[in-house]
Amino acid sequence: MTSPYDALYRQSVEQPEAFWAEQARLIDWHQAPTQILDASRPPFCRWFVGGQTNLCHNAVDRHLAERGEQPALIAISTETGSERSYTFRELHAEVQRTAAMLLELGVRRGDRVLIYMPMIAEAAFAMLACARIGAIHCVVFGGFASGSLASRIEDAEPKVVVSADAGSRGGKVVPYKPLLDEAIRLSAHKPAAVLLYDRGLAAMELMAGRDHLAGAEGQKHAQARVPCTWLDATDISYTIYTSGTTGRPKGVQRDVGGYAVALAASMQHIFDGRAGETYFSTSDIGWVVGHSYIVYGPLIAGMATIMYEGLPTQGLDRQPDGGIWWRLVEKYKVTVMFSAPTAVRVLKKQDPALLRKYDLSSLRALFLAGEPLDEPTARWISEGLGVPIIDNYWQTESGWPIITLPVGVERRPAKFGSPGIAMYGYKVKIVHESTGEELTAPNEKGVVVIEGPTPPGFMQTVWRDDQRFVDTYWKSIPGQLVYSTFDWGIRDEDGYYYILGRTDDVINVAGHRLGTREIEEAISGHANVAEVAVVGVADALKGQVAMAFVVPRTGNAATDNADAMKLEGEIMKRVADDLGALARPARVRFVPGLPKTRSGKLLRRAIQAVCEQRDPGDLTTLDDPATLQAVRAAVAAG
């Protein structure tokens with residue numbers, strides 16, 4: 001007998017147009033689409049052609065009649081000890097006020113607005129305001145340093161940047177304005193205006209004619225009425241940058257209509273989110289999870305969404321509190337929660353009694369994503385909460401889960417170590433990396449790929465670079481036009497997938513994707529660095545950490561401890577200054593040479609294997625065995 005989900009999945013891949021036409025009913029359309037799917041130019045897909053809609057309308061306006069006085073956005077900061085709930089009607093007013101400010105600064109349909117903000121309500125207002133007026137928002141994680149921010153400003157060419165005086169992490173204030181000023185100085189593109197929110201955390205120097213304080217501007221537009229701009233479903237909603245194997249970041253480009261439909265469907269079929277309930281994602285709007293499941297997804301579903309600034313172990317009184325998240329679950333009757341394995345591993349160090357201290361009876365499931373979920377962590381949180389722990393696997397590029405369990409359709413047992421089964425709309429396959437042959441036998445290791453057409457909500461292309469989109473994602477498997485996830489995986493006899501690690505040089509640090517090439521480029525800029533290799537190494541807390549191996553230009557740095565420590569410190573600072581603290585390697589080890597093949601290709605996987613105390617595998621192509629021995633010695637030396 002066919003299960004409900006099996007029937008749903010089969011229709012989605014065999015009759016995608018009929019399936020997605022039905023899902024399209026979950027959102028409001030100003031004009032209904034005339035063509036559900038245009039896949040005439042693979043691998044590009046255009047969903048809901050001829051349709052017109054608006055993300056802000058679907059997230060805010062359409063709920064006013066039935067649930068205008070219900071909570072929509074709950075902004076909580078344990079950094080400042082603040083807690084504020086906005087109803088849908090209040091959110092509607094705030095978004096219109098922000099939209100009016102952007103319009104006055106010259107922003108129009110199709111213009112870019114770069115958002116460099118902490119996790120405060122105003123960041124969500126800015127995103128929704130852009131969606132409302134048809135501007136393309138580009139959110140950059142507030143922890144990024146000036147170098148990374150500059151590259152994104154240069155690529156996006158925003159007319160306006162929205163920022164704040166500062167963010168805060170663990171009670172430590174991080175001034176944003178100096179970082180932003182330096183980024184604009186470094187960038188060839190200069191935004192016409194900067195809109196700044198003053199939280200009173202750090203002093204700001206304003207540039208006359210360019211910088212505008214949102215407090216003063218907002219007062220002028222307190223009663224603003226800004227209608228939604230109806231956009232074509234295939235118009236661009238936002239871009240978001242993701243690291244790659246080259247130093248240049250990729251701007252993942254998303255559409256309007258397909259994204260709205262995909263999120264509405266996922267809230268129903270995957271997350272079992274229901275209007276009037278509360279959703280709590282502990283992510284950041286700088287990452288795609290924050291876009292999809294802090295801002296747009298829950299609001300489209302008519303849920304209240306919690307926006308959280310702070311650590312998972314810090315209370316509203318700014319004192320240590322390992323139970324703060326569970327306190328919020330109880331207070332706001334959270335039904336669906338979304339976090340990352342790293343956060344759970346942090347909480348695992350707290351008193352387990354905290355999991356039983358609060359009434360968590362409202363919680364139906366905890367979803368985890370961003371990195372592989374290890375079995376001990378999964379068991380600990382599952383036993384502690386007594387609710388299903390649902391792993392899920394996806395990417396910035398996909399916009400919503402590729403592999404998970406569809407708890408809104410039917411309950412299937414979770415398997416520790418597996419994120420689950422392929423989601424509707426995704427034709428997921430395991431293929432041989434060299435031949436492109438599909439591997440259909442259980443537990444055969446290959447590359448996880450997706451066959452086109454990709455479903456709604458998936459990336460349209462790389463911003464301003466269609467060729468890079470094709471070359472990067474669709475041409476890596478011989479003889480096949482398939483999207484490569486660049487992850488190794490297997491599928492068991494029940495159809496459950498297991499993700500085994502990256503095939504490229506992107507590492508996953510606490511759920512944040514970092515390109516090793518970017519880190520290498522930052523390190524190689526140091527005057528005393530001749531060569532460098534950066535690898536991702538398994539870490540019990542963060543999933544992976546970056547480890548750098550450097551060949552210094554002057555030999556004494558490799559042998560003289562004082563010089564080595566000094567050079568390591570300088571390299572660490574350089575990476576933090578260029579890319580942000582997240583990208584800083586856990587260690588910099590100095591070696592006389594790096595292991596390479598006879599053709600000159602760096603053997604990063606052999607270095608990684610040595611770091612993780614694994615067998616480095618076939619070394620027949622290694623040019624000089626002494627180089628790998630030097631890596632072993634450096635690792636052993638600590």
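The values are calculated or read from the model by the stated rules, or taken from the named source; none is laboratory data. Everything numeric here is computed off the predicted structure, so don't read it as measured data. Here Cβ is always computed from backbone atoms with ideal geometry, including for glycine, and neighbour counts include all displayed protein chains.
Which numbered condition trips up V532, out of (1) within 24 Å of D284 (Cα to Cα); (2) surrounded by 20 or more Cβ atoms within 10 Å (Cβ to Cβ)?
So the condition that V532 fails would be (1).
Does the range 39-53 hold any residues that are over 22 Å from Y238 (Cβ atoms) and part of a strand (DSSP E or B), and which are they?
A39, S40, R41
Looking at V160 and the list (1) surrounded by fewer than 23 Cβ atoms within 10 Å (Cβ to Cβ); (2) touching a helix residue (DSSP H, G or I) at 6+ places or on another chain (Cβ under 8 Å); (3) β-branched (V, I, T), which single condition is not satisfied?
(1)
Identify the residue in the range 220-238 that is of a type in the set (V, I, T) and outside any strand (DSSP E or B) and, among all such residues, is nearest to E154 (Cα to Cα).
T234
Would you tally the residues in the range 624-636 being surrounded by fewer than 15 Cβ atoms within 10 Å (Cβ to Cβ) and either in contact with a strand residue (DSSP E or B) (Cβ under 8 Å, 6 or more places away or on another chain) or under 19 Å from T516 (Cα atoms) (or both)?
1
Mind checking which strands (runs of 3 or more DSSP E) fall wholly inside the range 123-219 and carry at least 1 residues that are without any contact (Cβ under 8 Å) to a residue 40 or more places away in the chain and within 19 Å of A100 (Cβ to Cβ)?
Those strands (runs of 3 or more DSSP E) span 193-197, 211-213.
With (1) under 25 Å from the mean Cα position of the chain (by Cα); (2) free of Cβ contacts under 8 Å to residues at least 40 places away in the same chain as the list, and E90 as the residue in question, which single condition is left unmet?
With (1) under 25 Å from the mean Cα position of the chain (by Cα); (2) free of Cβ contacts under 8 Å to residues at least 40 places away in the same chain applied to E90, the lone miss is (1).
Within the bounds of the range 474-495, is there any residue that is buried (at least 21 other Cβ atoms within 10 Å of the Cβ), out of contact with any helix residue (DSSP H, G or I) (no Cβ under 9 Å at 6 or more places or on another chain), within 18 Å of A265 (Cα to Cα) and among the β-branched types (V, I, T)?
no
Among the residues of the range 62-80, is any in contact (Cβ under 8 Å) with a residue 12 or more places away in the chain, more than 30 Å from V173 (Cα to Cα) and of a type in the set (V, I, T)?
No, because not a single residue in the range 62-80 is in contact (Cβ under 8 Å) with a residue 12 or more places away in the chain, more than 30 Å from V173 (Cα to Cα) and of a type in the set (V, I, T).
Could you say whether any residue in the range 54-67 is assigned to a loop (DSSP other than H, G, I, E, B) and loosely packed, with under 14 Cβ neighbours inside 10 Å?
No, because not a single residue in the range 54-67 is assigned to a loop (DSSP other than H, G, I, E, B) and loosely packed, with under 14 Cβ neighbours inside 10 Å.
Please go through the range 445-468 and pick out each residue that is assigned to a strand (DSSP E or B) and under 26 Å from Y9 (Cβ atoms).
Scanning the range 445-468 gives G446, V447, V448, V449, I450, E451.
Any residue in the range 30-55 that's in contact (Cβ under 8 Å) with a residue 60 or more places away in the chain: show its pairings with residues that are small (G, A, S) and assigned to a strand (DSSP E or B) at Cβ separation under 7 Å, as long as the two are six or more apart or on different chains.
Taking only residues 6 or more apart or on different chains, the pairs are C45/A39; L55/S237.
So which residues in the range 347-376 are of a type in the set (K, R) and either at pLDDT below 85 or touching a helix residue (DSSP H, G or I) at 6+ places or on another chain (Cβ under 9 Å) (or both)?
Within the range 347-376, K348, K349, R356, K357 qualify.
Suppose the filter is crowded, with 20+ Cβ neighbours inside 10 Å and within 20 Å of the chain's Cα centre (by Cα); does V509 pass it?
Spelling it out, V509 is indeed crowded, with 20+ Cβ neighbours inside 10 Å and within 20 Å of the chain's Cα centre (by Cα).
Output the residues belonging to the range 3-28 that are part of a loop (DSSP other than H, G, I, E, B), of a type outside the set (S, T, N, Q) and more than 29 Å from F469 (Cα to Cα).
D28
Being over 21 Å from V288 (Cβ atoms) and touching a residue at least 40 places away in the same chain (Cβ under 8 Å) is the requirement here; does T342 meet it?
The answer is no for T342.
Please go through the range 92-122 and give me each residue that is acidic (D, E) and either in a loop (DSSP other than H, G, I, E, B) or within 12 Å of V226 (Cβ to Cβ) (or both), ordered by number.
E94, E104, D111
Name the single residue, out of those in the range 429-452 being over 17 Å from G479 (Cβ atoms) and among the hydrophobic types (A, V, I, L, M, F, W, C), that is surrounded by the fewest Cβ atoms within 10 Å (Cβ to Cβ).
So the residue we want is A441.
Can you tell me how many residues in the range 478-521 are at pLDDT 95 or above and assigned to a loop (DSSP other than H, G, I, E, B)?
Result for the range 478-521: 6.
Considering each residue of the range 583-615, count those that are modelled with pLDDT of 85 or more and either in a helix (DSSP H, G or I) or surrounded by 12 or more Cβ atoms within 10 Å (Cβ to Cβ) (or both), and give that number.
21
I'd like to verify a number: residues in the range 27-73 that are in contact with a Ser or Thr (Cβ under 7 Å, 6 or more places away or on another chain) and among the acidic types (D, E), how many?
Of the residues in the range 27-73, 2 are in contact with a Ser or Thr (Cβ under 7 Å, 6 or more places away or on another chain) and among the acidic types (D, E).
Of all residues in the range 12-42, how many are among the acidic types (D, E) and over 17 Å from A262 (Cβ atoms)?
Residues in the range 12-42 being among the acidic types (D, E) and over 17 Å from A262 (Cβ atoms): 1 in total.
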